[in-house]
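Shown next, in structure tokens, is the structure this report addresses.
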Amino acid sequence: MEYRPLSNTGIEVSVQCLGTMTFGEQNSEQEAFTLMDTALAAGINFFDTAEMYSVPPREETQGRSEEIIGRWLRKRGCRDRVILATKVAGPGRDWLPYIRGGDNRLDRQNIEAAIDASLRRLQTDFVDLYQLHWPERQTNYFGQLGYTHVPPDEDEVPLLETLEVLADLVNAGKVRQIGVSNETPWGLMRYLALADAHDLPRMVSIQNPYSLLNRTYEIGLSEIGQREKVGLLAYSPLAFGVLSGKYLDGAQPPNARLTLYPHYERYSGTEAQRATHDYVSLAREYGLDPAQLALAYVNSRPFLISSIIGATTEAQLHTNLGSVDLVLDDELLERIETIHRRCPNPAP
């Protein structure tokens, strides 16, 4: 396993991170335990979760992923071997009315309640990385490419207030480092500027989508991340499994995510399918597993800290792990660029 620095924190994390949003929904607790055991044995020391998980989000399963991880950590006695990341939910009155009564904002009351609940579920005194799952303000994330300006609400929580609460969590020892997720270049730079101006903790990571089907991170955030030492934690590096090729030609594999939840259409548009066909064909031309090609490309990016893999079976996890040692040569990388130029970012 390869390890990379979590920005300037002194923490080293595996280049692959185990995503756990399927725990408690697609994966039973026993299956989740097996996946975590396998990941840890293979050298993965970085696990990512969120107070919102399982996914798809439901009131009955909210927090279940953290609970399963907490029981595993207690049973295995391995907290000291795991870099643990979780997230506080942003506003979600319309689709998450059961999280703090639907009034979940990134203010003091909500963030403090969220971290205390997460720590109880995770059965730990602290998390290594605490992330804002999505912004308080209305902006373009979760598949929105273009930005439409919406004036701030009167009760919108200022970024400085959010940052001050996170600083207090760091000072209290509940959180070691902080990061953002689904954030824009403006948002990340504002947090960094506020931290520098007010002597507050800096964001050390950004968890955004990045894959062969969505390289929009490169357009602005890549420069910021590398100049400001804020590395990428890439989620959906396989685009919900689409880049494995298993959904091509209308296939619906049993128990696969998009078979079970067809309303997740972010990576299933016509252009995305066309690009996926080309990437899968390229992988097979070179005798490579399509999923490993897609992951190896993400792993090779200079701005990447870790890619978040969300395997639901041991077989998938072993396939994903096989990408860590795969090096793509210059010719293959240029072939990838040719496809990208022909069909850039078909699934933002």
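The values are calculated or read from the model by the stated rules, or taken from the named source; none is laboratory data. Values in this document were obtained by computation on a predicted structure and should not be read as measured data. Virtual Cβ from ideal backbone geometry, glycine too; neighbours counted across all protein chains shown.
Taking every residue in segment 278-301 that is under 19 Å from Phe240 (Cα atoms) and pairing it with any residue that is part of a helix (DSSP H, G or I) and of a type in the set (D, E, K, R), at least 6 positions away or on another chain, the pairs with Cβ-Cβ distances below 8 Å are Asp278/Arg342; Pro290/Arg284. Filtered by the rule that a residue be in contact with a Lys or Arg (Cβ under 9 Å, 6 or more places away or on another chain) and crowded, with 21+ Cβ neighbours inside 10 Å, segment 26-40 gives a lone residue, Met36. Any residue in segment 84-91 that is more than 26 Å from Pro158 (Cβ to Cβ) and not charged (D, E, K, R)? Checked segment 84-91: at least one residue is more than 26 Å from Pro158 (Cβ to Cβ) and not charged (D, E, K, R).
The numbered conditions (1) more than 17 Å from Gly19 (Cβ to Cβ); (2) surrounded by fewer than 22 Cβ atoms within 10 Å (Cβ to Cβ); (3) in contact (Cβ under 8 Å) with a residue 60 or more places away in the chain; (4) not aliphatic (A, V, I, L, M) are all true for Thr270 except (3). Within segment 33-70, being more than 25 Å from Asn104 (Cβ to Cβ), of a type in the set (A, V, I, L, M, F, W, C) and not in a strand (DSSP E or B) holds for Phe33, Leu35, Met36, Ala39, Leu40, Ala41, Ala42, Ile44. The residues of segment 12-25 that are surrounded by 19 or more Cβ atoms within 10 Å (Cβ to Cβ) and of a type outside the set (Gly, Ala, Ser), listed by number, are Val13, Val15, Gln16, Cys17, Leu18, Thr20, Met21, Thr22, Phe23, Glu25. For segment 169-186, the candidate set comprises residues that are touching a helix residue (DSSP H, G or I) at 6+ places or on another chain (Cβ under 8 Å) and within 16 Å of Asp107 (Cα to Cα); within that set, the residue that is surrounded by the fewest Cβ atoms within 10 Å (Cβ to Cβ) is Leu169.
Each residue in segment 242-276 was checked for being in contact with a helix residue (DSSP H, G or I) (Cβ under 6 Å, 6 or more places away or on another chain) and under 21 Å from Asn299 (Cα atoms), and 6 of them qualify.
Within segment 76-91, restricting attention to residues that are more than 18 Å from Tyr130 (Cβ to Cβ) and touching a residue at least 12 places away in the same chain (Cβ under 8 Å), the residue that is nearest to the chain's Cα centre (by Cα) is Arg81. Among the residues of segment 234-256, is any in a helix (DSSP H, G or I), without any contact (Cβ under 8 Å) to a residue 24 or more places away in the chain and polar (S, T, N, Q)? No, segment 234-256 has no match at all. Please determine, by comparing only the residues of segment 122-132 that are surrounded by fewer than 23 Cβ atoms within 10 Å (Cβ to Cβ) and in contact with a strand residue (DSSP E or B) (Cβ under 8 Å, 6 or more places away or on another chain), which one is farthest from Val180 (Cα to Cα). Residue satisfying both the conditions and the ranking: Thr124. Of all residues in segment 148-161, one or more are polar (S, T, N, Q), modelled with pLDDT under 95 and either at negative phi or loosely packed, with under 14 Cβ neighbours inside 10 Å (or both). It is to be established whether one or more residues within segment 110-129 are assigned to a loop (DSSP other than H, G, I, E, B), over 21 Å from the mean Cα position of the chain (by Cα), within 30 Å of Glu154 (Cα to Cα) and among the acidic types (Asp, Glu). For segment 110-129, residues assigned to a loop (DSSP other than H, G, I, E, B), over 21 Å from the mean Cα position of the chain (by Cα), within 30 Å of Glu154 (Cα to Cα) and among the acidic types (Asp, Glu): absent. Does Ala311 satisfy being buried (at least 18 other Cβ atoms within 10 Å of the Cβ) and either β-branched (Val, Ile, Thr) or assigned to a helix (DSSP H, G or I) (or both)? In short, no. Just one of the numbered conditions (1) loosely packed, with under 15 Cβ neighbours inside 10 Å; (2) of a type in the set (S, T, N, Q); (3) within 24 Å of the chain's Cα centre (by Cα); (4) farther than 25 Å from Gly19 by Cα is not true of Gln144: (4).
Yes/no per residue for (1) hydroxyl-bearing (Ser, Thr, Tyr); (2) closer than 23 Å to Asp329 by Cα; (3) in contact with a Leu (Cβ under 7 Å, 6 or more places away or on another chain):
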residue	(1), (2), (3)
Leu233	no, no, no
Phe240	no, no, yes
Ser244	yes, yes, yes
Gln252	no, no, no
Arg257	no, no, no
Asp278	no, yes, no
Ala291	no, yes, yes
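Any chance you could count how many residues in segment 23-32 are assigned to a loop (DSSP other than H, G, I, E, B) and out of contact with any helix residue (DSSP H, G or I) (no Cβ under 8 Å at 6 or more places or on another chain)? Number satisfying all stated conditions: 1.
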